[in-house]
1. Is there a residue being part of a loop (DSSP other than H, G, I, E, B) and within 16 Å of the ligand (Cβ to nearest atom) anywhere in segment 260-274?
2. Against the definition (part of a loop (DSSP other than H, G, I, E, B) and open to solvent by 40 Å² or more (accessible area, probe 1.4 Å)), how does Tyr344 come out, yes or no?
3. Counting only residues that are touching a Leu at 6+ places or on another chain (Cβ under 8 Å) and open to solvent by 40 Å² or more (accessible area, probe 1.4 Å), which one in segment 395-407 is farthest from Lys457 (Cα to Cα)?
4. Within segment 82-107, how many residues turn out to be in contact with a Ser or Thr (Cβ under 8 Å, 6 or more places away or on another chain), surrounded by fewer than 24 Cβ atoms within 10 Å (Cβ to Cβ) and either among the charged types (D, E, K, R) or assigned to a helix (DSSP H, G or I) (or both)?
5. So, Thr365, is that one open to solvent by less than 80 Å² (accessible area, probe 1.4 Å), in contact (Cβ under 8 Å) with a residue 12 or more places away in the chain and in the same structural domain as Gly246 (by TED's automatic domain parsing) or not?
6. Taking the options Asn334, Asn290, Asn326, name whichever one is under 30 Å from Leu117 (Cβ atoms), modelled with pLDDT under 95 and not hydroxyl-bearing (Ser, Thr, Tyr).
7. Looking at segment 368-414, which of its residues are of a type in the set (A, V, I, L, M, F, W, C), in a loop (DSSP other than H, G, I, E, B) and over 30 Å from Thr271 (Cβ atoms)?
Amino acid sequence: MALIKSISGIRGTIGGKVNENLTPLDVVKFTSAFGTWLQNNKNKKNLTLVVGRDARISGAMVNSLVTATLQGLGIHVIDLGLSTTPTVEVMVTEVHADGGIILTASHNPKQWNALKLLNEKGEFITAENGTEVLKLAENEDFNYAEVDDLGKYETRNDAFNIHIQKILDLPMVDAEAIKAKKFKVVLDAVNSTGGLALPPLLEKLGCEVVELYCEPNGQFPHNPEPLKEHLTDICNLVKETKADLGIVVDPDVDRLALIDENGEMFGEEYTLVAVADYLLKHKKGIAISNLSSSRALRDVAQNHQSDYFASAVGEVNVVTLMKEKNAVIGGEGNGGIIYPDLHYGRDSLVGVALFLTHLAKENKTVSELRDTYPAYFMGKKKIELTPEIDVDALLTKVEKEYQNEDVSTVDGVKIDFPENWVHLRKSNTEPIIRIYTEAKSQEEADKLGDDMIAKIKSLI
Ligand code: MG
């Protein structure tokens, strides 16, 4: 059981004691804080907020609490009901709302839910703003509306259509090229809202859709994080149905993983690599991902005489750097595609449309396309320390040890060696350093992690 209050929102398990879980009281308190913060910030009471949720079991209950609380503050609510994170983001600007709340715990199991907070641009609020919201929640400094000033409530059921039409209207999405290919696609939406959003998009692109776990009932049939070990069913079904590819999204549809025609993972890291390859081929520009994402993106950018930059981990950080560098494409190695011509948020729908355009134009199978990219392998390890160890001081020692290498300290310590890299990040909750590596083989990536553990131990 847990309640994690962070600058990007509040996340917790349903049930149990107040302040230790995401109980109804915690939902109301946190919603009140965000609504109040927006009202203070905008210096007016009668704001409009867009609310949407993924299909998890607690969604309807949390939605009732959130929308009623906002009305209680005098805020007008536009409720999209079952929706996706990118759809809510798109709708905030579409209806000129003052912000939005997405009810989703993303790839976390069914026990969890969360409130993700959006500003008037439909983008995640900054760390600074998040801190202010947390402070308001702490002080319970709320002032609810009088009876004549309660917020209005309306629902909308056209959000998916609006989102999809915006994608089809993008010049870089070539619906005709995709239609000509008549792709057969298996879709695993883990029984969440990807099952509502993606089939109409794929059908508009002339694809034959084989639906797997597309009932938005929140009964996740497998761990909802789109990793290889959870995706056996779709890998088999792609082979059985002789489909051209498989598409997997997480419960709130901001992470996209692909399966090739042989039922093999395209590799979550390579979703962004392929989409960036397509965009940079047609428009030179800058590509951005975070420090823990694959180097394959840098290589692909170089192939197109384009620049690549890496941000600290976290979607807000990627978006901030994308804006600073005026990037044409960005995202995260976990299958998060951010295409700024649509909006600054991870969006699997636009990712699917751009990937299918690329696939159609390259005239290759998915596995052939994958073979055109440099092969990298990632390793993940951790080193457990004792609480009395100063982790920051230890990381500084590591940094000094490698001072002659290409070292970044934007987020932990990242060491870029000529042939591979290591990224060390300290945990904020436990005395642990997480060690991410990437190399030309799995063996090498794992060894790199083990060598780093030995090195860190020698520095303690
Ligand atoms: Mg997600």
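The values are calculated or read from the model by the stated rules, or taken from the named source; none is laboratory data. This is a predicted model, so every value here is computed, not measured. With ideal geometry, Cβ positions are generated from the backbone for all residues, glycine too; neighbour counts draw on all protein chains shown. With ligands, DNA and RNA removed, areas are computed over all heavy atoms of the protein, side chains included. Shrake-Rupley method; radii C 1.70, N 1.55, O 1.52, S 1.80 Å.
1. no
2. When the stated conditions are applied, Tyr344 passes them.
3. Per the stated criteria, the residue is Glu401.
4. 1
5. Taking the combined requirement at face value, the residue satisfies it.
6. Asn334
7. Of everything in segment 368-414, those that are of a type in the set (A, V, I, L, M, F, W, C), in a loop (DSSP other than H, G, I, E, B) and over 30 Å from Thr271 (Cβ atoms) turn out to be Leu385, Ile389.
Results for (1) within 16 Å of the ligand (Cβ to nearest atom); (2) within 21 Å of the chain's Cα centre (by Cα); (3) within 24 Å of Gly195 (Cα to Cα), shown as yes or no for each residue.
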{"residue": "Gly81", "(1), (2), (3)": "no, yes, yes"}
{"residue": "Thr87", "(1), (2), (3)": "yes, yes, yes"}
{"residue": "Leu103", "(1), (2), (3)": "yes, yes, yes"}
{"residue": "Leu118", "(1), (2), (3)": "yes, yes, yes"}
{"residue": "Glu123", "(1), (2), (3)": "yes, yes, yes"}
{"residue": "Glu128", "(1), (2), (3)": "no, yes, no"}
{"residue": "Lys166", "(1), (2), (3)": "no, yes, yes"}
